[in-house]
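The values are calculated or read from the model by the stated rules, or taken from the named source; none is laboratory data. In this text, all values refer to a predicted model and were calculated from it rather than measured experimentally. All Cβ positions, even for glycine, are placed from backbone atoms using ideal geometry, and neighbour counts span all protein chains on display. Note: accessible area is taken over every heavy atom of the protein model, side chains too, but ligands, DNA and RNA are not part of it. Shrake-Rupley method; radii C 1.70, N 1.55, O 1.52, S 1.80 Å.
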Amino acid sequence: MAQNIIIDTDPGQDDAVAILLALASPEIEVLGITAVAGNVPLALTELNARKILELAGRADIPVFAGCNAPLTRKLITAEHVHGKTGLDGVDLPAPAMPLQAQHAVDFIIDTLRTEPEGSVTLVPIGPLTNIASAFQRAPDIISRIKQIVLMGGAYFEVGNVTPAAEFNIHVDPEAARIVFGADVDLVVMPLDATHEALTSRDWVETLRALPNRSGPAVASWTDFFERFDKEKYGSQGAPLHDPCTIAWLINPGLFTGRRINVEIETKGEFTAGMTVADWWGVSDRPANALFLRHTDRDALFALLAERIARLP
Ligand code: BDR
Ligand code: CA
């Protein structure tokens, strides 16, 4: 049976690829997409989510706008990586499908209350503001969640937005602390795993040559965001962070990691948003997450190409 998920997202080119992978995969049923402010402001992330769904021919999936700023901090965005629109690289038409009137946080709460207990997985691939807000407002939903599979954090790779912190956690550390502190089955896809998910030229060209519109769109998005990471890391390609969460749901065997304790630093002068991951088990704090570490890169990119080929 397909796994029911809600994707909480701030698209973002790699968010877009994650959404496309989910839509192309029979193992996954997307109940809704909830947008959050992150890579770009909320007005753009919700718009981008609708554009991505229309690209994939899935205007039937509802899109909800959520929080437009972190719980307590000022929003930090990442136009320097993702471009002014958040989805630079491809010019997609203005979406015809409507934005839902309901707030994303209410949608998350209602869905978890009405779907069978333990049947809905949350996949946050942006700052955790919407998820934490839902937990604050309706703590009863926490025990009804099947699992949370999120992209965020880092330990061996440390930070990509500050020397100590990964972007999604750094934007809203208070929200991350609430989510990591909740009694929930948590799977964390940090930079340690996603920095092994590096695109290659051959893969990009394979996608560009697909006889559909989604393949060439993914290739052009990759062209755009690669330029930043290639320059920054001196690497051949760029990490496709967010699709790793969906790939994990489809085939967890693509990744290896450990169940460990992970705490979120909210106060550090230089380390706000750091994921303090007890990889070596040196504290007596109980494990609260499966923290992934390595990625089977070739198998991941083969899966992505095969699935994106199925889309319009
Ligand atoms: C994360 O930050 C965003 O820029 C990406 O979409 C990804 O979710 C990587 O640090
Ligand atoms: Ca993202």
Exercise for review: Within the stretch 17-39, work out how many residues are of a type in the set (A, V, I, L, M), surrounded by 24 or more Cβ atoms within 10 Å (Cβ to Cβ) and assigned to a loop (DSSP other than H, G, I, E, B).
Suggested key: 2
**Study point:** Qualifying positions in the stretch 161-185 - within 9 Å of ligand 1 (Cβ to nearest atom) and touching a Phe, Trp or Tyr at 6+ places or on another chain (Cβ under 6 Å)
**Key:** 161
Practice item. Note down all Cβ pairs under 8 Å where the first residue falls in the stretch 100-111 and is open to solvent by 60 Å² or more (accessible area, probe 1.4 Å), the second is of a type in the set (D, E, K, R), and they're at least six residues apart or on different chains. Key: 102/110
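With respect to residue 192, determine if the residue is touching an Asp or Glu at 6+ places or on another chain (Cβ under 8 Å), charged (D, E, K, R) and either farther than 25 Å from residue 256 by Cβ or touching a residue at least 60 places away in the same chain (Cβ under 8 Å) (or both). Before you say what the answer is, go through the steps one by one.
Details: touching an Asp or Glu at 6+ places or on another chain (Cβ under 8 Å): yes; charged (D, E, K, R): yes; either farther than 25 Å from residue 256 by Cβ or touching a residue at least 60 places away in the same chain (Cβ under 8 Å) (or both): yes.
The answer is yes for residue 192.
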Check your understanding: Hey, does the stretch 68-79 have a residue that's at pLDDT 95 or above and over 23 Å from residue 273 (Cα atoms)?
Key -> no
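For residues in the stretch 1-13 being open to solvent by less than 10 Å² (accessible area, probe 1.4 Å) and not in a strand (DSSP E or B), which is farthest from residue 175 (Cα to Cα)?
Restricting attention to the stretch 1-13, the residues satisfying the condition of being open to solvent by less than 10 Å² (accessible area, probe 1.4 Å) are 5-13.
Now narrow it down to the ones that are not in a strand (DSSP E or B): 10-13.
On the way: 10: 15, 11: 19, 12: 20, 13: 23 Å.
The selected residue is 13.
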Check your understanding: Across the stretch 149-167, what is the total count of residues that are crowded, with 20+ Cβ neighbours inside 10 Å and either hydroxyl-bearing (Ser, Thr, Tyr) or under 23 Å from residue 4 (Cα atoms) (or both)?
Key -> 5
Practice item. Kindly check whether there is at least one residue in the stretch 137-147 that is outside any helix (DSSP H, G or I), surrounded by fewer than 24 Cβ atoms within 10 Å (Cβ to Cβ) and of a type in the set (S, T, N, Q). Key: yes
Practice item. Determine, yes or no, whether residue 165 is within 16 Å of ligand 2 (Cβ to nearest atom), assigned to a helix (DSSP H, G or I), in contact with a strand residue (DSSP E or B) (Cβ under 9 Å, 6 or more places away or on another chain) and in contact (Cβ under 8 Å) with a residue 12 or more places away in the chain. Key: no
Review point. What number of residues in the stretch 40-53 are more than 12 Å from ligand 2 (Cβ to nearest atom), open to solvent by less than 10 Å² (accessible area, probe 1.4 Å) and assigned to a loop (DSSP other than H, G, I, E, B)?
Key: 0
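Does residue 219 fit the bill of being among the aliphatic types (A, V, I, L, M), modelled with pLDDT under 95 and touching a Lys or Arg at 6+ places or on another chain (Cβ under 7 Å)? Walk me through it before giving the result.
On the way: among the aliphatic types (A, V, I, L, M): yes; modelled with pLDDT under 95: no; touching a Lys or Arg at 6+ places or on another chain (Cβ under 7 Å): yes.
No.
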